[in-house]
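Q: Please find one structure pasted underneath; my questions will follow.
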Amino acid sequence: MPSNNNHIGQAEPSSGTVAPLMSLLHVSKTVLLQAVDLLDNYLTSDDQLTVSSKFLPGSTIGKHLRHGRDHFVLLMDSISSPPPHVLSYDKRSRNTPMEHNRSAARTALMEAIQQLDTHVPQAQMDTPMTLHAVTPDLQEFQTTFGRELWFAGLHCVHHWSMVRFIAGELNIQLTDDFGFAPSTLIYQGKLQQGM
């Protein structure tokens, strides 16, 4: 059985010794690497990326992988541009090769990780950003880079939980930490330790 040596349930790196932004970088990369592990060790055909869920209409593993990755890429594109940093998660590409091809999906995920490695260490947690959201009316919110990096990671976990559900429909059993928020995994770990 494939192993995932990069579990988010472990409270590492410890917030006492690592800058908060680097902790968010660690979580972000861990979540994206879970998807790489899925592609490398659990999915055996490209067709598994495009099977529509019976219970989540229109959902496929490929669509959720693309959608989760997109939020990181859009954030990195915004922070790497000159200020003012304007961000819209609604400007996503759809029907991309990563939605139906495991190799393309792996490449796209690794490129997102590279973008994180390049831009996050150069950024500041409190860099101001303007978020545009369609709700369906255009809304504008003031936010920060750190808050949005945190959101992108948790948003990704949310979509990985749906990937986990669809994988279950395909009789694919994933690692115990796939699709769970770090806080949930830490809480479960504390419960197992008798706390």
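The values are calculated or read from the model by the stated rules, or taken from the named source; none is laboratory data. Being a predicted model, the structure only gives us computed values, none of them experimental. Glycine gets a Cβ as well: all are built from the backbone with ideal geometry, and neighbour counts include every protein chain shown. Surface areas here come from the heavy atoms of the whole protein model, side chains and all, with no ligands, DNA or RNA. Shrake-Rupley method; radii C 1.70, N 1.55, O 1.52, S 1.80 Å.
Q: Restricting the search to the stretch 45-88, which residues are among the hydrophobic types (A, V, I, L, M, F, W, C), under 20 Å from A104 (Cα atoms) and either touching a strand residue (DSSP E or B) at 6+ places or on another chain (Cβ under 9 Å) or loosely packed, with under 15 Cβ neighbours inside 10 Å (or both)?
A: Passing the criteria: only L74.
Q: Still on this structure, please answer the following. May I ask you to list pairs of residues, at least six apart or on different chains, whose Cβ atoms are under 6 Å apart, with the first in the stretch 141-160 being in contact (Cβ under 8 Å) with a residue 24 or more places away in the chain and the second being of a type in the set (V, I, T) and surrounded by fewer than 23 Cβ atoms within 10 Å (Cβ to Cβ)?
A: From the stretch 141-160, the pairs are F145/I79; F145/T127; G153/V27.
Q: Might you let me know whether the stretch 176-186 holds any residue that is closer than 30 Å to N41 by Cβ, modelled with pLDDT of 95 or more and of a type in the set (A, V, I, L, M, F, W, C)?
A: Checked the stretch 176-186: no residue is closer than 30 Å to N41 by Cβ, modelled with pLDDT of 95 or more and of a type in the set (A, V, I, L, M, F, W, C).
Q: Return the total of residues in the stretch 104-121 being acidic (D, E) and either over 13 Å from L21 (Cα atoms) or open to solvent by 70 Å² or more (accessible area, probe 1.4 Å) (or both).
A: Here the count works out to 1.
Q: Return the residues of the stretch 97-136 that are of a type in the set (S, T, Y) and at pLDDT below 95; say none if nothing qualifies.
A: Passing the criteria: only T135.
Q: Here is a follow-up. Please find, within the stretch 122-143, the residue that is surrounded by the fewest Cβ atoms within 10 Å (Cβ to Cβ) out of those that are out of contact with any Ser or Thr (no Cβ under 8 Å at 6 or more places or on another chain) and within 15 Å of P84 (Cβ to Cβ).
A: Ranking the candidates gives Q124 first.
Q: With the checklist (1) acidic (D, E); (2) closer than 26 Å to S80 by Cα; (3) open to solvent by 50 Å² or more (accessible area, probe 1.4 Å) in hand, flag the one item E148 doesn't pass.
A: (3)
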